[in-house]
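Notes for the one structure printed next.
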Amino acid sequence: MKIVKTTTLVGTRIHQREDQWVTDRYRSVKADIAVVVIEADDGTTGIGEACAYGNPLQIADWVQWYAPSLIGREVDDLGIVPAPTGSALVHAVGSAHDFAVAGIDCALWDLRAKQAGLPVRRLLDERASAEVDVYASGGVRYDWRADPRTLIEDVVGYAADGYSAVKIRLGTYWGWDGVTPERFLRLFDEVRREAGPGLGLAVDGNSRLTRADALTVARGLEERGALWFEEPIAKDDLEGYVELNRSVGLRISGGESFTTLEQFRPWIERGAFDIVQPDAGVCGITELMKIGRVAERSGMELIPHSWHNGLMGMANAHAVAALPNASMLEECMVQGPLKWDSIVGGTPVKEGRIDLGDAPGFGVEIIDDLESRFPYVEGHYAVEVYRRDHAA
C-alpha cells in the first residue's frame, strides 16, 4: 500500500484555573495538540501525536514540507521516515522539526498496524503484554506562597482514583519565598503521611536545582524511599548527573528532550541515569525502541515521558508493552479535557492501568471535529510570572 496524503490537525484548549500548572517562574495558560494523519491508497489512515511544545503550526509546516518525500512511497518501507536531528534539547521553536518527525513516525506505525490487523505493540514485539501500569504525573498546582498543602490534596486524590504511583514537582520558584531543600523534604513528609505508605512517590526537578541542592534533596528522597528523582539539574550537565548518580542509591532519571540514540549514548555509557525517559511524541516510536533496547543491555529501565494528550499516551503505552525493561507510563493529570476528549470514547485508563486490547493500530481514533471543537489559539503555552521576593 502506498501513501497518498499527509495532513496535520492542530487544536487548543485554554486552561481553566484548576488545570493551570506552575513550575519555577512559569504558569501554563493553554494545552495544545498536533496530530499527524497519513492516508494510504486503500483508505486506511494512521494517526500520530507530536509533542506540541514545538509549536503546532511549525510542526504542521514541517509535515507539509516532508509530504512530497512520503507520498507515493510504500507504507511498510521503514526507510521513508525522516531522521530526528537532536535539536529538541529545550522545548522551543527549534524543536518543531524533530517533533514533526516523531508524529510522522507514530502515524506510520499506527497505519502499518491497522493494515496488518494487529495492535502496534505486537508489531513491535509479538510477545508484548496487553496491560500497562500508569502513574499519575501531577503535583504542579501548588504555590509556596499561597498554600503548599494543596499538593497533598492532589496526591491523595490521585491515590483515591486508583493510581499506585504519583510524581510531584518542586512548586513555584524557591527564591521568592526562601524555600530550601529541607523545607521541600518536610512537605514531602506531609504528603507521605497523608497519602499513606503504600503509594509510590517520585519527584521531578524540572532541571531547576544546583548540584549541591540536588544532592541534598536526592539524599533526603533516598532516605524516604522515593521511586526516583527526575532531571534535578540542567539537562545538559552530563558530569553533574554522573557525579549525582554515583553519590546516591536513589534512581536518577532523565532524557525526556533527547530525540536520538546518539544523544543518549554518553549518558548511558557513563551511568548518568538509572532510568531513561524518551517520549514517542518527541523522538518517535522507532527511535524510542532503539533507545529502550540499548538501555536494557546496560541494565537501565525505561519509563517514557508522556506529558500531552491521549493519543501520545497510547503510542508510549504500546512501546512500554513491547519493552521488557519498561515498567510504567506517565499520564499528565493537568492537561484538562483536551487530553481524552480528543479521543473517541474517552480515557482507557482504569484505576491506574490501561488494557491495550487487540484493536488494530494504537486502538484509538481522534474525534472527527477536533479542530472545530478545540480551535487552535496562537501563542506560547505558558507565561512567565514575576513576584517580589517575600522578604522584600
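What to note about this one:
- Test for Thr172: is it out of contact with any Lys or Arg (no Cβ under 9 Å at 6 or more places or on another chain), under 29 Å from Asp389 (Cβ atoms), assigned by TED's automatic domain parsing to the domain that holds Ala272 and of a type in the set (Ser, Thr, Tyr): no
- The listed residues are Glu256, Glu231, and the only one of them that is on the phi > 0 side of the Ramachandran plot and within 17 Å of the chain's Cα centre (by Cα) turns out to be Glu231.
- Count of residues meeting criterion [at pLDDT below 95, crowded, with 18+ Cβ neighbours inside 10 Å and not in a loop (DSSP other than H, G, I, E, B)] in the stretch 8-23: 3
- Selected residue [of a type outside the set (A, V, I, L, M), modelled with pLDDT of 95 or more and outside the structural domain of Leu311 (by TED's automatic domain parsing)] from Asp369, Asp355, Asp389: Asp369
- Qualifying residue in the stretch 48-62 (condition: of a type in the set (Asp, Glu), under 30 Å from Arg208 (Cβ atoms) and out of contact with any Gly (no Cβ under 8 Å at 6 or more places or on another chain)): no
- Unmet criterion (only one of (1) in the same structural domain as Ile71 (by TED's automatic domain parsing); (2) farther than 25 Å from Pro360 by Cβ; (3) in contact with a strand residue (DSSP E or B) (Cβ under 6 Å, 6 or more places away or on another chain)) for Thr85: (3)
- Residues (more than 15 Å from Leu187 (Cα to Cα) and of a type in the set (A, V, I, L, M, F, W, C)) located in the stretch 214-233: Ala214, Leu215, Leu227, Trp228, Phe229, Ile233
- Members of the stretch 41-88 that are among the polar types (S, T, N, Q) and part of a strand (DSSP E or B): Thr45
- Options Glu296, Glu287, Glu371: the member that is farther than 23 Å from Gly162 by Cβ, out of contact with any Lys or Arg (no Cβ under 6 Å at 6 or more places or on another chain), touching a residue at least 40 places away in the same chain (Cβ under 8 Å) and surrounded by fewer than 20 Cβ atoms within 10 Å (Cβ to Cβ): Glu371
- Of the residues making up the stretch 15-56, those that are within 20 Å of the chain's Cα centre (by Cα) and of a type outside the set (S, T, N, Q) number 24.
- Of all residues in the stretch 343-361, exactly one satisfies the criterion of being under 17 Å from the mean Cα position of the chain (by Cα) and crowded, with 23+ Cβ neighbours inside 10 Å, namely Ile354.
- Residues in the stretch 241-256 that are buried (at least 18 other Cβ atoms within 10 Å of the Cβ), of a type in the set (Ser, Thr, Tyr) and over 13 Å from Asp204 (Cβ atoms): Tyr241 alone.
- Test: residue in the stretch 192-200 that is touching a His at 6+ places or on another chain (Cβ under 8 Å) and either surrounded by fewer than 18 Cβ atoms within 10 Å (Cβ to Cβ) or of a type outside the set (Lys, Arg) (or both): no
- Single match in Asp177, Asp161 (criterion: more than 18 Å from Ser306 (Cα to Cα) and out of contact with any Phe, Trp or Tyr (no Cβ under 9 Å at 6 or more places or on another chain)): Asp161
- Scanning the stretch 126-153 for residues that are touching a residue at least 24 places away in the same chain (Cβ under 8 Å) and either over 26 Å from Val320 (Cα atoms) or not assigned by TED's automatic domain parsing to the domain that holds His318 (or both) yields a total of 9.
- Test for Gly271: is it free of Cβ contacts under 8 Å to residues at least 60 places away in the same chain and over 16 Å from the mean Cα position of the chain (by Cα): yes
- Qualifying residue in the stretch 306-328 (condition: farther than 22 Å from Val166 by Cα and either in contact with a Pro (Cβ under 6 Å, 6 or more places away or on another chain) or of a type in the set (D, E, K, R) (or both)): no
- Filtered residue count, the stretch 121-150, keeping only those that are closer than 16 Å to Ala315 by Cα, surrounded by fewer than 17 Cβ atoms within 10 Å (Cβ to Cβ) and not acidic (Asp, Glu): 2
The values are calculated or read from the model by the stated rules, or taken from the named source; none is laboratory data. Every value quoted in this text rests on a predicted model; they were computed, and no experiment measured them. All Cβ positions, glycine included, derive from the backbone under ideal geometry; neighbour counts span all protein chains shown.
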